[in-house]
Amino acid sequence: MTVYNLGSINIDHVYTMEDFPRPGQTLSADTMVTNLGGKGLNISVALSRAGADVRHIGAVGAGDAQVQTLLAPFGLDLDRVALLDQPTGHAIIYLDANRENQIVIYPGANGAITRGHVEAALADAGPSDWLVMQNETNANQFGLEVARSKGMKVALVVAPFDETMPALMEQVDLVSVNEEELRDFEAATGGSFRDRTDMSFLVTYGAEGAEFVSGGESHRVAAHKVEVADTTGAGDTFFGGFMAHYANGSSVEEALSFASAMAALQVQSMGAAVAIPHRDAVLNFLKG
Ligand code: RIB
């Protein structure tokens, strides 16, 4: 079983400050660091570090030496990452004293993925494999179509939410949402998500934990109480940790427990992908 992850790769420029700037205000950041991120890439790193067999499908700028340098330490299979005549996607991330964040992304190469690229990337995929997608590339609709033509199962991380999401959510096997995205889905479709027994939801509630709801059944996990340094990429880490186990046939309880511990470790360090822990560290944390 392989998890193919069709998703964004960003260079994250992270600025820390006491308070976010007000409209029209100019302020100096206290620190600035450049990291690798993108919801897609973060999820691939989490899947890989959780023990899944993962193939990232995406795109970066051809000749972008910085992104190649940042990608190298993660040891991911990059054969399906296209080199395009576009800038690599990037994110401007503000982190305030409460470690809340504000993020603006520029899609660049993430927005120029072709159907032909996805077809070639999924050439060896089959019904036992999963395709995972988020909403930071242009490729979700044809990604879904190509995956279905192969008999694959499909999971969608509904971030960032936009008007294309509700229809796509109804066509996949698993959706991952936070509370706000869930409210947007309910507003768009009417009624409670709990009545959608035809769908499977992984819902994250931040410090209040997470819940898996499917076919009228619900499983919950509490969040670990830890000192938070940076929540950027925490949702991506939770999903990757969950998916690595769920897709491999582990119980939902086991998948939730691993994901919760993985995210609890990830938020204790600065950065997105660089802060994602390895499997052994997660298992040690769980042992206490
Ligand atoms: O989910 C966190 C990610 O969102 C960051 O790494 C940033 O690149 C944006 O995609």
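The values are calculated or read from the model by the stated rules, or taken from the named source; none is laboratory data. As the structure is a computational prediction, the values presented were derived from the model and not from experiment. Positions of Cβ are generated from backbone atoms using ideal geometry, with glycine treated the same way; all protein chains shown enter the neighbour counts.
Just a few scattered comments:
- Residues that are away from the ligand (no atom under 15 Å from the Cβ) and of a type in the set (Val, Ile, Thr), drawn from the range 218-241: Val221, Val226
- Boolean, Gly75 is surrounded by fewer than 18 Cβ atoms within 10 Å (Cβ to Cβ) and out of contact with any Asp or Glu (no Cβ under 9 Å at 6 or more places or on another chain): yes
- Cross-chain or 6+ apart pairs with Cβ under 7 Å, the range 115-134 first and over 14 Å from Ala247 (Cα atoms), then aromatic (Phe, Trp, Tyr) and surrounded by fewer than 20 Cβ atoms within 10 Å (Cβ to Cβ): Arg115/Phe142; Val118/Phe142
This table checks each residue for (1) farther than 22 Å from Ile93 by Cβ; (2) of a type in the set (S, T, N, Q); (3) surrounded by fewer than 21 Cβ atoms within 10 Å (Cβ to Cβ).
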{"position": "Glu180", "(1), (2), (3)": "no, no, yes"}
{"position": "Arg194", "(1), (2), (3)": "yes, no, yes"}
{"position": "Ala229", "(1), (2), (3)": "no, no, yes"}
{"position": "Gly235", "(1), (2), (3)": "no, no, no"}
{"position": "Phe238", "(1), (2), (3)": "no, no, no"}
{"position": "Leu256", "(1), (2), (3)": "yes, no, no"}
{"position": "Val267", "(1), (2), (3)": "no, no, no"}
{"position": "Gly288", "(1), (2), (3)": "yes, no, yes"}
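- Among the numbered conditions (1) closer than 28 Å to His13 by Cβ; (2) crowded, with 24+ Cβ neighbours inside 10 Å; (3) not aliphatic (A, V, I, L, M), the only one that Phe242 does not meet is (1).
- Against the list (1) within 16 Å of the ligand (Cβ to nearest atom); (2) in contact (Cβ under 8 Å) with a residue 24 or more places away in the chain, the condition Glu180 fails is (2).
- Qualifying residue in the range 232-241 (condition: of a type in the set (A, V, I, L, M), closer than 17 Å to Ile43 by Cβ and in contact (Cβ under 8 Å) with a residue 60 or more places away in the chain): no
- Residue within the range 33-52 that is over 22 Å from Val157 (Cα atoms) and surrounded by fewer than 21 Cβ atoms within 10 Å (Cβ to Cβ) present: yes
- Residue identified as assigned to a helix (DSSP H, G or I), within 20 Å of Asn135 (Cα to Cα) and away from the ligand (no atom under 14 Å from the Cβ) among Ala244, Ala281: Ala244
- Taken over the range 145-198, the residue count meeting the criterion of being of a type in the set (S, T, N, Q) and farther than 21 Å from Arg115 by Cα is 5.
- Looking across Ala255, Ala229, Ala223, Ala259, one residue alone is touching a helix residue (DSSP H, G or I) at 6+ places or on another chain (Cβ under 7 Å) and in a loop (DSSP other than H, G, I, E, B). It is Ala223.
- Any chance Leu78 is in a loop (DSSP other than H, G, I, E, B) and touching a Pro at 6+ places or on another chain (Cβ under 9 Å): no
- The single residue among Ala59, Ala52 that is over 18 Å from Met243 (Cβ atoms) and either touching a strand residue (DSSP E or B) at 6+ places or on another chain (Cβ under 9 Å) or at pLDDT 95 or above (or both) turns out to be Ala59.
- Test: residue in the range 28-44 that is in contact with a helix residue (DSSP H, G or I) (Cβ under 6 Å, 6 or more places away or on another chain), in a loop (DSSP other than H, G, I, E, B) and away from the ligand (no atom under 12 Å from the Cβ): no
- Selected residue (criterion: farthest from the chain's Cα centre (by Cα)) from residues of the range 156-168 that are within 16 Å of the ligand (Cβ to nearest atom) and of a type in the set (A, V, I, L, M, F, W, C): Met165
- Count of the range 62-79 residues which are under 16 Å from Gly108 (Cα atoms), away from the ligand (no atom under 15 Å from the Cβ) and in contact with a strand residue (DSSP E or B) (Cβ under 6 Å, 6 or more places away or on another chain): 1
- Checking every residue in the range 257-277 against the condition of being within 13 Å of the chain's Cα centre (by Cα), more than 14 Å from the ligand (Cβ to nearest atom), of a type in the set (Phe, Trp, Tyr) and at negative phi gives zero matches.
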